[in-house]
Each structure stands twice: as structure tokens, then as C-alpha cells.
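Below you'll find the structure, written out as C-alpha cells, and then a few comments.
Values in this text are rule-based calculations from the coordinates and carry no lab data. Remember, predicted model here, so these are calculated numbers, not experimental data. Note that each Cβ is placed from the backbone with ideal geometry, even for glycine, and that neighbours are counted across all protein chains shown.
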Amino acid sequence: MRVKYDGHRGRALLAAVAAMLAALGVTVLVIASRAQRQAPQPPPSAAGTYAAGSLHAGTPSSSGPPSTSGGQPSAARPSGPVLAKSMPTHLSIPAIGVDSDLVQLGLNPDHSVQVPSLGAESKAGWYRYSPTPGQVGPSILLGHIDSARYGPGVFFKLGALRKGDTVSVRRADSTVAVFRVDAVAEYPKDHFPTLTVYGNTDHAALRLITCGGKFNLSSHNYEDNIVAFASLVSAHAA
Amino acid sequence: MNKKAVLLLAPPLALGAAVLLAMPGQAGAATASSYQATLKALNHSTGSGNVSLQLNGNKATIVENVTGIAATFGGKPYPHVQHIHIGGAGMCPTASADKNGDGVVSTTEGGPAYGPIGATLSTSGDSSPKAATVLTVAPSGASFSYSRTITLDSKTMASLTSGKAVVVVHGLDPATLSKKAQGEKSELVPSLPLAATSPVLCGTLVASQMSQVPGGAAATGGGSTSGIEDEALLLAGGGLLLAAGGALVARRRVSRQS
């Protein structure tokens, strides 16, 4: 049976098709644009204001840059609470929805810090050659901001941390070390301030590290690191 | 080998390397393998810097960043001889070390604080005390990054592991000196002015609270949330809208008459 596509019936049919296609197209575009995810970035004023060797009272309520006491003997009396050495097992950061077991990380052959393996389950890790969280010194925790395959990682929202936020680390000795965020900063990887992040401190300190800034398409790497600095304020039984 | 394959292999490789690297660090709490120094300004300079030193046996890998010191000397980049001093009090001198009252703590006047030279942080060649005043192998300019692995002798090792090793960078801006000091010759190299060999930055090398300091930044991202995501979906949406437009055009072409 031959269908007539001309005349009023044809025009009505095409109008209906156009309307359907347009509705479908708009729906798809809305879905796609709402699926865009942008990792939060730390406030721009925070970047570049942290210099190695800047003074820090070591108390949780003090503002400003982390301290490095590289010029003093490391036997100097630490300020603030200090815990005994104990392997960290779990990390919790309620402000940004982080609740992750901790893996242990070492060094890559090229002397860069190892990062957690990339998988659908993105866990955070503790750098095993740094002090355990709660001991005096810079304890280093790392986590992916995202992975090429699986989308946002465990530290996707690290850049949204602000001074005063709480970071809790459960340890193998059944204590929980409670830290308070002092500052969050972003540093270019090719000008990474090694001593500001990894240098000695006069208190029990934590540094949470992930990537940030622009993603370099040719090197497949982010250009910056986001670092959250925190100090131990208390501890309690797990 | 593509990046993804390298990333997949990295954890097991790193685990193997980490086990190997763990051994020197764990060999007794007494001997640290990682040291650092914060370089502070001396003699009214406004510079600063930091040093990381990773020890492997008697080989020291030194990474140093310096900024804000004298830029030129006789129209050319200012050579800043630098050394690891040992066997002194393991400290940096204060202004009270200026014995002859010319407003400058000379290298010799600082001796009781940091001791004699144990190693020269030269850019190439000899790194022994004999190369101490060779300007051609000194890093130069107002700011520089220095990275080198040198062999330390037993005396330098002993000072380092007992907290008595001090990094000293030399070379002051003559304009910051008193009139008297500007006219003086170096007590070490009389053909050079006092400014050239006097200390400008100083810091004691202390054991790191980390047993191994990483080389720098961390590769914690794969980029899937950067830029525009779901491009295929966006293109599909756009395509559908175009198709809708095409249907409308076709509709206009169909005449009202059958």
C-alpha cells in the first residue's frame, strides 16, 4: 500500500518527527551537560604563599603556612599532642565525603612517590617512609583525583577542604588520630616545594596530596598538585 | 610502552624497589639516610634556600634551591662557591662572630660555628675541599637549582650523621657591605674582594623525619574529569537537534497540495 507523504499529512508527519528529534536532542544535551564534573580547586590566594622555613606556632588554632624547622636539631621539643608509631588503616574526612581504607605506598624506581593503583575502587594511601599519622613530622597521605577510566577518585574533592575541617585516621593500635586542616594549597609539579611539603615539622602533621590544575593532554598528567596541610589536635579510642 | 601499561606495572615494580630501598633506612635508627637544611641569610643578605640530601652508603644526592642572592660580579653571573662544612659546632654564625668590626662575618670568622670545609658543592669535577675556591665550578646568579651526587669522605660522613654538617653558600652583594668592608680583600683569596668569599646563606643539615624524601610531585590523576566529558553524548545531542532541523526543512519542501 502506497503511503502518501505529500500534502497535509506529509507535513504533519515531518513536524512530528522534527518535534521528537528536537526533544530527544535537548534531553541528551541536558544529560551530558549535567554529567560534567569539575574537581573543586583551593582558593587562589592559598597558592604560592607557603615558603619553607616560615614560622608556625604549631598550635591547631594558628593560621597560615606550615612550618619547617630544618635549621634546628630535630630533637627539639615538639608542640602539640604526639602519638606513638602505629600503622594507619583508615581515613575519614566527613567534610568532603571521604571514607577509605589506607594502602601503604613506597617509592617508584625514579624516586617519585608511589601512588595507589588505579581501579574502580579508588583508595587513599600512606607513604610508608613518612612518619605514621600522629607521630612528629610530616605524615603523607595520597589519593587520586580521578583516573582515565573510572572517573572521580577518592580525593576528587580535596580542593574543597578548608581550614578547620576535620581529618580522622584510624590506626592499627585502635586509636583514632584527629587532625584539623590548617591550609590547602596548589603547587605546579615542575616547581614542587619539596621542603614545604616533605620537610621536618615541630608537631604531628599530615599532608594530603592529589592532583589539580590543568590536565596536560600530551603528557596525560595534571600540571599541579593540591596539598592539604593539617595538624594533630586530639586522639581517641577507635 | 604506553602510559597505561606502565601505570599497571608500576605498583608491583615499585613494591619490589620499595623493599630494596627500605633496607638502608631500616638499618638501625641511629643512621638516617635523608637530611635537609633550610638556608637562612647571613650578613644582611635577603636570600633563602633549601637543601635535600639523600645518603646511599657514602654517596650523597644533593638537591638544592637558592633564591635572592647577588646576581652579577664584574658584569657576569655571580659565582657562589658553596660547601659542606664539618667538625665545628654544627651551627650558623651570628653577627657577634664579626671580630674585626667591619660588619661582615667572614668565612674565617664563622669557622667556630660551622668548622672547616668537608666537601665542595661544585657543579662538576672535584668535590673535595681542594676545589673550595674554584669559581668556574660554582653555581652562579641570583637564583639557581643545584642537583648532584657526590662521594663524601669519612670525616664528612661522621659530621653529617652526628648533626654537625652545615651547608654554606658564599658571595655577598658588595653594595650591602659597609664602606670599610667594600674595600677589604678576601682573607682566603687575596686577589678577590671580601664580598666574594664571605658567607651569604647557611643551614645545618638535620636528619629528615622521613626516612626517604620523595623526588617531588605525585602523579595522582588520570584526567577523566578534566575538560569536557562525555563528548560522544554531547555530539549525539547536537546531531539529534540537527536532524530535527532537517525534518523541519523537509516539511517546508512538501507542498500543501497532495
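What to note about this one:
- Among (1) crowded, with 18+ Cβ neighbours inside 10 Å; (2) part of a helix (DSSP H, G or I), the one test that A:Thr210 misses: (2)
- Hey, B:Glu229 facing another protein chain (nearest Cβ under 7 Å) and among the acidic types (Asp, Glu) or not: yes
- Answer from B:Pro193, B:Pro174 - the residue that is out of contact with any Ser or Thr (no Cβ under 8 Å at 6 or more places or on another chain) and either farther than 30 Å from A:Gly159 by Cα or not β-branched (Val, Ile, Thr) (or both): B:Pro174
- Selected residue (only one of B:Asp98, B:Asp126 is more than 25 Å from B:Thr176 (Cα to Cα), free of Cβ contacts under 8 Å to residues at least 12 places away in the same chain and charged (D, E, K, R)): B:Asp126
- Among the residues of segment B:101-118, those identified as free of Cβ contacts under 8 Å to residues at least 40 places away in the same chain and in a helix (DSSP H, G or I) are B:Gly111, B:Pro112.
- When each of A:Val154, A:Val176, A:Val169, A:Val197 is tested for being touching a strand residue (DSSP E or B) at 6+ places or on another chain (Cβ under 8 Å), surrounded by fewer than 22 Cβ atoms within 10 Å (Cβ to Cβ) and among the β-branched types (Val, Ile, Thr), the lone residue that passes is A:Val176.
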